[in-house]
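Here's the structure we're looking at; comments come further down.
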């Protein structure tokens with residue numbers, strides 16, 4: 001996506017969070033442009049005016065466009081969402097995202113990111129790790145705060161992990177209908193499934209429209225959702241959770257787990273999460 005170039009009426013980009021600290025706080029009480037990369041030419045602008053290599057920053061640039069458009073007095077129109085391109089992995093399996101569907105996903109992702117940035121009533125806190133991590137790993141919710149783990153080597157994944165934590169926090173704060181209108185009363189497994197489906201859609205948007213870098217755990221989630229194996233993915237990856245829902249699903253789909261495992265092996269050339277040797 002073309003880089004955003006600040007104009008006279010644009011808010012100054014501010015990076016929020018403590019460099020070198022053990023966590024990154026994603027919410028601030030002040031109106032800020034997203035801390036995600038603002039790409040221009042061969043480098044990315046930072047709060048201090050220095051330029052850093054684009055490779056070290058996240059590519060979720062569509063969020064910046066929407067936030068800048070909302071700055072008072074600017075009157076900047078949100079650009080048309082580029083058409084998604086097919087993505088393919090080494091096995092040859094593709095995802096062909098629908099353009100109209102990605103427009104809808106982009107709308108709620110942009111709104112959610114803006115809420116994470118601006119809403120003063122809660123915190124979304126990222127805890128950097130240096131290994132592959134699934135969005136649910138390390139999740140903690142307490143009162144008005146949520147902690148999510150983020151692979152520090154994969155900045156493109158940060159937004160999806162924020163969304164996962166934000167949706168769980170909104171549910172615990174009584175705002176589920178506002179942020180999950182398709183599942184306003186869902187609890188337990190149905191709530192988790194609705195949240196993970198949104199995460200899969202958000203990652204598909206990034207991969208097909210904004211060229212985010214591949215990332216194993218999120219690619220697996222997105223491909224499984226696209227292929228109709230989201231339930232099997234969740235139940236297999238998290239064998240100690242959702243016992244009653246798992247049993248009901250298994251009774252209704254007696255061969256689905258085996259089908260999923262075969263599909264996963266063909267697609268990713270390894271066992272699915274939950275069946276890998278430790």
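Which of the three applies to segment 211-263, rounded, prolate or oblate, going by the alpha-carbon gyration tensor with a ≥ b ≥ c and a/c under 1.5 meaning rounded? Intermediate values should be presented prior to the final figure.
Numbers: a/c = 2.84, a/b = 1.85, b/c = 1.53.
It comes out prolate by the Cα gyration axes.
Arranged from fewest to most other beta-carbon atoms within 10 Å of their beta carbon, 255, 266 become 255, 266.
For segment 160-252, what does the alpha-carbon gyration tensor say about shape, rounded, prolate or oblate, given a ≥ b ≥ c as the root eigenvalues, a/c under 1.5 as rounded, and a/b over b/c as prolate? Before the final figure, lay out each step's value.
Working: a/c = 2.08, a/b = 1.14, b/c = 1.82.
Since a/c reaches 1.5 but b/c is at least a/b, the shape of segment 160-252 is classed as oblate.
Taking a ≥ b ≥ c as the square roots of the Cα gyration tensor eigenvalues, with a/c under 1.5 meaning rounded and otherwise prolate when a/b beats b/c, else oblate, which class fits segment 101-197? The shape class here is rounded.
Read-outs throughout are calculated quantities, based only on the coordinates presented, and are distinct from any laboratory measurement. These numbers were taken from a predicted model, which means no experiment stands behind them. We place every Cβ from the backbone using ideal geometry, glycine too, and count neighbours over all the protein chains shown.
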